[in-house]
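Peer 1: The structure that follows is given in the form of structure tokens.
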Amino acid sequence: MQKKVFYVKSLEEDFISKTLKGQKKVNFQSIENIIKTRKIKLNTKSFGRQKRLACTALSKNYTKTYRPQGIIFKTNDKPDYVAPFDLVLLTKTNNIIVHYYRIKNNLHLYYNQKLISGFEKFIFKTAKEMLKKFSSPGKAWNEVNKFRVKNGYKALPKQKYRLVEYNEVIFHKPVKIIPIALYGYKKEARQKAKQLGLPHYVTAKKFCEKNLNNEN
């Protein structure tokens, strides 16, 4: 029997997911509501694609996350697709920002780009299928750079490498979850975990080191 994949939904420091309402970022779903309902709602709208939930599948080579805190969970729901890196690397622009804190007040501009034609070559049905093709961020980095240059965009400088260190698992329907743990290096993360009766890890990487030792 195959082991279930551990997923991460990263959250902002207050452990509340956000969404765009017009040009304004607003509170959307709290960690308390996620745990109470055992469901994570769709909050991401960008790149001309339908509203979705963007998560990360953890493996021994994919231990980084979009933000430094969030929830680790399992689910029986199947993703709609999986990409081996942040979708922003497939957008029609050379102005790609790495750090979320630099764009969080201008998300409506940053997420308004369209995807480069042919981006589908980086889209997979499951995390396991994606990992067979791109077992490490390094392989994904090389391929996406070839793709961007072939389509008339600049090769990505090494400073953008962080954007391939986590993958994107996309759901188009709210996801029913089995909560596993919270992670985050600040005391608020520890406090939230204690309050909600969940294990706490400083980072998702620490969780992987303890729980994915035998995974591929």
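Peer 1: Working only within region 29-46, note down all residues that are modelled with pLDDT under 95 and closer than 15 Å to V175 by Cα. Working first, answer last.
Peer 2: Taking region 29-46 as the starting set, the residues that turn out to be modelled with pLDDT under 95 are 42-46.
Answer for region 29-46, where residues must be modelled with pLDDT under 95 and closer than 15 Å to V175 by Cα: L42, N43, T44.
Peer 1: Here are the criteria: (1) touching a strand residue (DSSP E or B) at 6+ places or on another chain (Cβ under 6 Å); (2) modelled with pLDDT under 95; (3) surrounded by 15 or more Cβ atoms within 10 Å (Cβ to Cβ); (4) not aliphatic (A, V, I, L, M). Tell me which single one H172 does not satisfy.
Peer 2: Status for H172: all satisfied but (3).
Peer 1: Follow-up. Considering only residues that are of a type in the set (A, V, I, L, M, F, W, C) and either assigned to a helix (DSSP H, G or I) or free of Cβ contacts under 8 Å to residues at least 12 places away in the same chain (or both), look in region 146-163 and name the one that is farthest from N61 (Cα to Cα).
Peer 2: So in region 146-163, the residues of a type in the set (A, V, I, L, M, F, W, C) come out as 147, 149, 155-156, 163.
Of the ones still in play, those that are also either assigned to a helix (DSSP H, G or I) or free of Cβ contacts under 8 Å to residues at least 12 places away in the same chain (or both) are 147, 149, 155, 163.
Numbers: F147: 22, V149: 26, A155: 23, L163: 14 Å.
Taking the candidates together, the pick is V149.
Peer 1: Being out of contact with any strand residue (DSSP E or B) (no Cβ under 7 Å at 6 or more places or on another chain), of a type outside the set (D, E, K, R), modelled with pLDDT under 90 and loosely packed, with under 13 Cβ neighbours inside 10 Å, is that true of even one residue in region 185-197?
Peer 2: no
Peer 1: Just give me the residues in region 144-161 being touching a Pro at 6+ places or on another chain (Cβ under 9 Å) and not hydroxyl-bearing (S, T, Y), in sequence order.
Peer 2: Within region 144-161, the subset touching a Pro at 6+ places or on another chain (Cβ under 9 Å) is 144, 161.
Residue satisfying the conditions is V144 alone.
Peer 1: Sort through K160, K186 and tell me the only one that's more than 13 Å from I72 (Cβ to Cβ), among the basic types (K, R) and in contact with a helix residue (DSSP H, G or I) (Cβ under 8 Å, 6 or more places away or on another chain). So that I can check it myself, show each step before the final result.
Peer 2: Values: K186 fails: in contact with a helix residue (DSSP H, G or I) (Cβ under 8 Å, 6 or more places away or on another chain).
Every option except K160 fails the conditions.
Peer 1: So which residues in region 5-52 are among the charged types (D, E, K, R), assigned to a strand (DSSP E or B) and closer than 13 Å to I177 by Cα, if there are any at all?
Peer 2: Pass one, region 5-52, residues among the charged types (D, E, K, R): 9, 12-14, 18, 21, 24-25, 32, 36, 38-39, 41, 45, 49, 51-52.
Next cut, assigned to a strand (DSSP E or B) only: 9, 18, 21, 24-25, 39, 52.
Matches in region 5-52: K9, K39.
Peer 1: Restricting to region 190-211, what's the tally of residues that are under 28 Å from S136 (Cα atoms) and over 18 Å from the mean Cα position of the chain (by Cα)?
Peer 2: 5
Peer 1: Next question. From K36, K25, K21, grab the single residue that is surrounded by fewer than 20 Cβ atoms within 10 Å (Cβ to Cβ) and in contact with a strand residue (DSSP E or B) (Cβ under 6 Å, 6 or more places away or on another chain). Full working, then the answer.
Peer 2: On the way: K36 fails: in contact with a strand residue (DSSP E or B) (Cβ under 6 Å, 6 or more places away or on another chain); K21 fails: in contact with a strand residue (DSSP E or B) (Cβ under 6 Å, 6 or more places away or on another chain).
Of K36, K25, K21, the one residue that is surrounded by fewer than 20 Cβ atoms within 10 Å (Cβ to Cβ) and in contact with a strand residue (DSSP E or B) (Cβ under 6 Å, 6 or more places away or on another chain) is K25.
Peer 1: To continue, here is another question. Please go through region 127-145 and give me each residue that is in contact (Cβ under 8 Å) with a residue 60 or more places away in the chain and not in a helix (DSSP H, G or I), ordered by number.
Peer 2: Within region 127-145, S135, S136 qualify.
Peer 1: In this structure, does L163 turn out to be surrounded by 15 or more Cβ atoms within 10 Å (Cβ to Cβ) and out of contact with any Lys or Arg (no Cβ under 6 Å at 6 or more places or on another chain)?
Peer 2: Values: surrounded by 15 or more Cβ atoms within 10 Å (Cβ to Cβ): yes; out of contact with any Lys or Arg (no Cβ under 6 Å at 6 or more places or on another chain): yes.
Spelling it out, L163 is indeed surrounded by 15 or more Cβ atoms within 10 Å (Cβ to Cβ) and out of contact with any Lys or Arg (no Cβ under 6 Å at 6 or more places or on another chain).
The values are calculated or read from the model by the stated rules, or taken from the named source; none is laboratory data. A quick note: this is a predicted structure, and the numbers were derived from the prediction, not measured. Here the Cβ is made from the backbone with ideal geometry for all residues, glycine too, and neighbour counts use every protein chain on show.
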